[in-house]
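Scroll down for the structure; my scribbles are underneath it.
The values are calculated or read from the model by the stated rules, or taken from the named source; none is laboratory data. These figures come from a predicted structure and were not determined experimentally. Virtual Cβ from ideal backbone geometry, glycine too; neighbours counted across all protein chains shown. Please note that ligands, DNA and RNA were not included when accessible areas were found on the heavy atoms of the full protein model with its side chains. Shrake-Rupley method; radii C 1.70, N 1.55, O 1.52, S 1.80 Å.
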Amino acid sequence: MKFQPKASHFINGAYVEDTNGAPIDVIYPATGEVIARLHSATPEIVDQALNSAKAAQAEWAAMSGTERGRVLRRAADIMRDRNRDLSVLETHDTGKPLQETLVADATSGADALEYFGGLAASLTGEHIPLGGGDFVYTIREALGVCVGIGAWNYPTQIACWKGAPALACGNTMVFKPSETTPLSALKVAEILIEAGAPKGIYNVIQGYGDVGASLVTDARVAKVSLTGSVPTGRKVYAAAADGMKHVTMELGGKSPMIVFNDADIENAVSGAILGNFYSSGQVCSNGTRVFVQKGIKEAFLTRLSERLATAKIGDPLDEEVNFGPMVSENQMNIALDYVEKGKAEGARLVYGGARIEGEGFYMQPTVFADVTDGMTIAREEIFGPVMSVLDFDTEQEVMARANDTEFGLAAGVFTNDLTRAHRIVAGFEAGTCYINTYNLAPVEAPFGGSKMSGVGRENSKLAINHFSEMKTVYVSMNDVEAPY
Ligand code: NDP
């Protein structure tokens, strides 16, 4: 098999196999071909991984931030050197076009390793002067063993977005990728070892939801960071609460993108394309409810259709191709079912809507117009290339409708009215907002959701607070006064 790793799991610095675990076939979404066969972690493997992370943690945390940062930065360099190989692997794992994976996956992972590697040496507590010469100082401490659980849309990126800040703070990690895309996290673990990481600080184990669930409830675990759907997030958050564990929840969305009459139509169409069809629509922060003001609605739809007709759909390994298959047959069928619901509930199909016949899990980029707020396709996360275009008249009306959702991951506005743009983003109930662009997620900026879309933030300096805690030390410079 083309991409068979040495073994399914990476524990304590080495590949480990246990064929007693349920088999996991890795399928190349462009052809349906099985490219690797792995095994889900047995309870023994889970135990081994957690023991490895636990044993390595104190020594890793005792290293200076500069030393820890150096390991992460070396790993970033190795990832960049191997970007093409890692991107080819990611394309096979996910089906995303190589044109995308070359610039958005290992590169984004490397950015996280470099950024948090750079921060590691400057992570400190503070000195707080008090009256009479007394003072408090705080010590920023690692949490301990952290569990990362990933979704299948950005496997390398997720493995690094969780691993890099965790390791920078002196934690160790057990990471479980989605069983749909298990290959690239193993490469991240390998690269960290090559970069000089002590054994056991970053372990990868495979498995279905049950393996994730067993990690979340284990007493050795101090923190759980999940990227996944809202239903899974609810379960994981509740399970983690039982052990009073720290959590970060990066969950789903149904984000609004508002396009006013005065917007630059080409830019708005570009934003809508990026926010609906990149990675065949399998992006959590996608702006799938596109509210277009009535004055430009038809012009917007015309340009959108014209530009979609130029999308190059096909073999994701061909670097000219910019629209690939969905990650799995199951995910494609979920999205196609939503298309049928859209039609049945009276939305107007203006582009695509069908499976592309032949091998692989391809469906057309799809646009519905005349979508109304109550329709299923306007309320539920589809996680596929299906855009809903809704009309609106006034700013006040669209603001209320944009926020009328349980989700709050992202939101965007296209307008040339400067003050309106800022007024709109101030009103958005969402964690990540965009003005005249969409779906950029640089490591320097916090990323995450509000409402049902999540808890906590990834990336930026804020991520440090989610992977460390403060110890307060009160120092008295005076005699101790007691009442008796
Ligand atoms: P799922 O919620 O189905 O799964 C996420 C991960 O959790 C998988 O590794 C899954 O394993 C695991 N899991 C499932 N059940 C449990 C459990 N009870 N305890 C612990 N772990 C469990 O999401 P998908 O993989 O289908 O990914 C798509 C979702 O992820 C979308 O909703 C999307 O919006 C969201 N997402 C959010 C992002 C963000 O940053 N906010 C970014 C990317 C995606 P298994 O796959 O084996 O079931």
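Give a residue-ordered list of calculated ³J(HN,Hα) values for segment 203-210 (Karplus: 6.51 cos²θ - 1.76 cosθ + 1.60, θ = phi - 60°; whole Hz; x for Gly, Pro).
Result, ordered by residue: 10, 10, 10, 9, x, 7, x, 5 Hz.
Run the accessible area of segment 131-180 with a 1.4 Å probe and give the carbon-and-sulfur part as a rounded percent. Can you show the working numbers first?
Working: 490 of 960 Å².
The computed percentage sits at 51.
Which value, in Å², gives the accessible area per residue of segment 1-153 when a 1.4 Å probe is used on the protein heavy atoms?
Numbers: 6310 Å² over 153 residues.
Each residue of segment 1-153 exposes 41 Å² on average to a 1.4 Å probe.
So how much slack lies between His127 and Asn416, counting 0.36 nm per residue of separation and subtracting their Cα-Cα distance, in nm?
Working it through step by step, the gained length comes to 99.5 nm.
Once ligands and nucleic acids are excluded and a 1.4 Å probe is used, how much of Lys2 is accessible, expressed in Å² to the nearest 10?
130
Using a Förster distance of 30 angstrom, determine the FRET efficiency expected from the C-beta separation of Tyr15 and Asp318, and round it to 0.05. Spell out each step's value before the answer.
Values: r = 32 Å, r/R0 = 1.06.
Calculated value: 0.40.
Any idea what the dipole of the chain comes to, in debye rounded to 20, about its Cα centre with Lys/Arg Cβ at +1 and Asp/Glu Cβ at -1?
Details: 41 positive and 59 negative charges, 86 e Å.
My answer is approximately 420 debye.
So for segment 435-484, taking the charge dipole from beta-carbon charges (+1 Lys/Arg, -1 Asp/Glu), which of Asn465, Met477, Ala445 sits furthest toward the positive end?
The listed residue farthest towards the positive side: Ala445.
Could you work out the relative contact order of the chain? I mean the mean sequence separation of Cα pairs under 8 Å and 6+ apart, divided by the number of residues, in percent.
Values: 1155 pairs, mean separation 87.2, N = 484.
Across the chain, relative contact order equals 18 percent.
Leaving out ligands, DNA and RNA, and with a 1.4 Å probe, what % of the accessible surface on segment 12-69 is carbon or sulfur? Please list the in-between numbers first.
Values: 1260 of 2560 Å².
Answer for segment 12-69 is 49 percent, counting heavy atoms of protein chains only.
Would you work out which of Gly200, Val188, Trp161 lies farthest towards the positive end of the dipole of segment 125-206, given +1 charges on the beta-carbon of Lys and Arg and -1 on that of Asp and Glu, about the Cα centre?
Val188
Quick one: Debye curve from the alpha-carbon atoms of segment 256-357 only, equal weights, vacuum; give me log10 I(q)/I(0) at q = 0.19 Å⁻¹ to two decimals.
-1.11
Rounding to the nearest 20 debye, state how big the charge dipole of segment 51-166 is about its Cα centre with +1 on each Lys and Arg Cβ and -1 on each Asp and Glu Cβ.
Working: 11 positive and 14 negative charges, 30 e Å.
With Lys and Arg at +1 and Asp and Glu at -1, about 140 debye.
Could the peptides 79-89, 301-311 be put in order, highest first, of the mean number of other beta-carbon atoms found within 10 Å of their residues?
Values: 79-89: 18.5, 301-311: 15.5.
Most protected by this proxy first, the peptides run 79-89, 301-311.
Just the number, please: carbon plus sulfur as a percent of the accessible area of segment 182-271, 1.4 Å probe, no ligands or DNA/RNA counted. It would help to have the intermediate numbers written out before the result.
Values: 1680 of 2980 Å².
Here it works out to 57 percent.
Can you grab the distance from the C-alpha centre of segment 301-378 to the C-alpha centre of segment 1-59, Å, no decimals?
34
Going by the alpha-carbon gyration tensor, a ≥ b ≥ c the square roots of its eigenvalues, is segment 304-365 rounded (a/c under 1.5) or, if a/c is not under 1.5, prolate (a/b greater than b/c) versus oblate?
Oblate, since a/c reaches 1.5 and b/c is not below a/b.
Could you tell me the ratio Rg/Rh of the chain? Both radii from Cα atoms, Rh via Kirkwood.
Numbers: Rg = 23.5 Å, Rh = 23.3 Å.
My calculation puts Rg/Rh at 1.01.
Once phi is turned into ³J(HN,Hα) by the Karplus curve 6.51 cos²θ - 1.76 cosθ + 1.60 with θ = phi - 60°, what whole-Hz value does each residue of segment 467-484 show in order, with x for glycine and proline?
Karplus-based 3J(HN,Hα) across segment 467-484 equals 10, 8, 9, 9, 9, 9, 10, 8, 10, 9, 9, 10, 5, 8, 8, 10, x, 7 Hz.
In segment 225-324, if the dipole is taken from +1 on Lys/Arg beta carbons and -1 on Asp/Glu beta carbons about the Cα centre, which of Ala239, Leu274, Gly324 is farthest to the positive end?
In segment 225-324, that residue is Ala239.
For a protection proxy built on the mean count of beta-carbon atoms within 10 angstrom, sort 215-225, 474-484 highest first, please. Don't skip to the answer; put the middle values down first.
On the way: 215-225: 20.6, 474-484: 7.1.
The most tightly packed comes first, giving 215-225, 474-484.
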